[in-house]
1. Just to be sure I understand, how many residues within the range 37-70 are under 17 Å from Gln90 (Cβ atoms) and small (Gly, Ala, Ser)?
2. List every residue pair whose Cβ atoms lie under 9 Å apart, where the two residues are 6 or more positions apart in sequence or sit on different chains, the first residue falls within the range 66-85 and is of a type in the set (Asp, Glu), and the second residue, located anywhere, is surrounded by fewer than 15 Cβ atoms within 10 Å (Cβ to Cβ).
3. Here is a list of conditions, (1) modelled with pLDDT under 95; (2) surrounded by 11 or more Cβ atoms within 10 Å (Cβ to Cβ), and Asp44 meets all of them except one; can you say which number that is?
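The values are calculated or read from the model by the stated rules, or taken from the named source; none is laboratory data. Note that the structure is a prediction, hence the values are computed from the model and not measured. Positions of Cβ are generated from backbone atoms using ideal geometry, with glycine treated the same way; all protein chains shown enter the neighbour counts.
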Amino acid sequence: MTTTEAPPAGGDDTPATGTAAACHAEDPAGGEHSGPHGYSHQKDQHLKRLRRIEGQIRGLQRMVEEDVYCIDILTQVSAGTKALQSFALQLLQEHLRHCVAQAAVKGGDEIDAKVAEASAAIARLLRT
């Protein structure tokens, strides 16, 4: 079984504009993030990519059900892992481009919070 790897999202490197690209604000009631997120301008592309990754995972299930050779399954696990990592990096790039950049313009404590948030996300990605 072969899979085609998802092309990198956001290949045009064009920054988004308008309200959809605006960074979200913290909800004072629960601390949750609300409003348009940095990835909103590519939401349809992201969903399409996630569906493709979901298909890869379902393919892994079929391979196990069909008793496919373990090395072939591991090859597909690697492809799925790489696709998820690529997706995560794209989201991180959009977060830096929009949310962190917007906080930098505002300055103050908000930039420190956004940089810390991004650093923690990077640390989580490196642990996986």
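1. Going through the range 37-70 one residue at a time, the tally reaches 2.
2. Hits for this filter: Asp72/Met1.
3. Looking at each condition in turn, Asp44 falls short on (2).
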